[in-house]
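The values are calculated or read from the model by the stated rules, or taken from the named source; none is laboratory data. On a predicted model such as this, the values are computed, not experimentally measured, just so you know. Using ideal geometry, Cβ is built from the backbone for each residue, glycine included, and neighbour counts are taken over all protein chains shown.
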């Protein structure tokens, strides 16, 4: 338990920062604390990291006000915003319930939280209609919220009273990619309220029993020795194939070296290989970086080698089998039909009860040994939060206080319960597993290409899926040319990415 507590502490800090923070810097105190936020509540300020403490004044109150929040009704995220008190022993639901009640009591407000399967369309209607019953806070998958963001639907959160977006219970790595312009205007944030930050992280899972039987080196040692690369993975899985279902060739029921998919499973590789095709310049604008083409082309060759040249890979084809929330890959692994697999932790969370053998979790493999560190990718389905512009400006201090406490109380109540009860107890089998989860969350990164593909003139992320899955040869050159025409800076100094942000550009002071 001591090691588990230490791991939870490290990871809570690491996930919020996306850089390492020591356990001694976590000021949350005992889990489930009352959430008091005035500086008067802390006896020894010298031992507290204020980055993790809300600075909201103790006398801030908005008695009798309703807070109207709209969220997404979808498995994997629909337990983030609201919950009824549970007698089922589900500690996450109980923590969410306790968080909401604590904020209501603290501010004198009442939450009115609704969700549906298409909140983005509801937001369009809300913005146009406005009125006293309009939604105020919008929480949805980033893939959706960015579409509303570029329409100019959200307030700049960095200017909202009572909301400090630099607090570490808000994810700072996401803040960087979700800001734009020389003033770093901030329209979206995510952090502790989003359990999906954990669930939508990609990892490699491996069958430790099979590794032992095959006489392979312990993959944990390989990772720690900085040798876990795409080439190393290929060397392991080549010709690992056992016919189990009497069908000719590799088929779904056979045992293989590697289980993966050709759609969502391709998304983590760009980040895992340290490639950022779109980067922010000194003016705060995002620009396409054509010089990444050579590394990207080599990455594509390495992945295609894994997929098509190993004679040991089973690929679940198309989004009908390889998408967020689907468990085809995790279920095949749980059936002991693969030595390793690429999965999201959420899919593994759903299938973990089917695994009755020794397994391990490691990061996605590096590009090569010269990369020097691992990077873990979180998909754009992670929930991000915004304040809708149909809300009167006079209400912004109230909504700022709500969001601030929503993150602070989540950091202290919900995240520890999720990590202890729903995630760690299921995934951790040994000390090495603890260390690997630590490493995975330390190395988590957000990438503009992944998070903002839905609004870019060239849908780079989806194009990458097609390029990698292409069996007819390397089409990187022609694809990069097309991206350059759509995204790269033109002679007049503008770029295609600016076009995507056109509705926001008038508010940027260059």
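For the reader, a short list of remarks on this structure follows.
- For the range 246-289, the set of residues classified as touching a helix residue (DSSP H, G or I) at 6+ places or on another chain (Cβ under 8 Å), in a loop (DSSP other than H, G, I, E, B) and under 24 Å from residue 342 (Cα atoms) consists of 252, 262, 263, 267, 273, 274, 275, 276, 277, listed by residue number.
- Single unsatisfied condition, residue 260 versus (1) without any contact (Cβ under 8 Å) to a residue 60 or more places away in the chain; (2) buried (at least 22 other Cβ atoms within 10 Å of the Cβ): (1)
- Scanning the range 354-370 for residues that are farther than 24 Å from residue 266 by Cβ and either in contact (Cβ under 8 Å) with a residue 24 or more places away in the chain or not assigned by TED's automatic domain parsing to the domain that holds residue 304 (or both) returns 357, 358.
- Criterion violated by residue 315 - all others in (1) outside any helix (DSSP H, G or I); (2) under 19 Å from the mean Cα position of the chain (by Cα); (3) surrounded by fewer than 23 Cβ atoms within 10 Å (Cβ to Cβ) satisfied: (2)
- Residue within the range 183-191 that is modelled with pLDDT under 85, outside the structural domain of residue 264 (by TED's automatic domain parsing) and farther than 26 Å from residue 95 by Cα present: yes
- Search result, residues across the range 202-230 that are touching a helix residue (DSSP H, G or I) at 6+ places or on another chain (Cβ under 6 Å), closer than 17 Å to residue 242 by Cβ and in a helix (DSSP H, G or I): none
- Candidate set: the range 452-510, residues that are in a loop (DSSP other than H, G, I, E, B) and closer than 18 Å to residue 267 by Cβ; chosen: the one modelled with the highest pLDDT: 456
- Test: residue 240 is closer than 21 Å to residue 364 by Cβ, out of contact with any helix residue (DSSP H, G or I) (no Cβ under 7 Å at 6 or more places or on another chain) and buried (at least 21 other Cβ atoms within 10 Å of the Cβ): no
- Residue in the range 381-403 that is closer than 22 Å to residue 79 by Cα and in a loop (DSSP other than H, G, I, E, B) present: yes
- Only one entry of 384, 376 meets the criterion of being farther than 23 Å from residue 438 by Cβ and within 16 Å of the chain's Cα centre (by Cα), and that entry is 384.
- Hey, residue 139 in a loop (DSSP other than H, G, I, E, B), touching a strand residue (DSSP E or B) at 6+ places or on another chain (Cβ under 7 Å), in contact (Cβ under 8 Å) with a residue 40 or more places away in the chain and assigned by TED's automatic domain parsing to the domain that holds residue 413 or not: no
- Output for the range 99-136, where each listed residue is within 16 Å of residue 194 (Cα to Cα) and either touching a helix residue (DSSP H, G or I) at 6+ places or on another chain (Cβ under 6 Å) or in a helix (DSSP H, G or I) (or both): 99, 100
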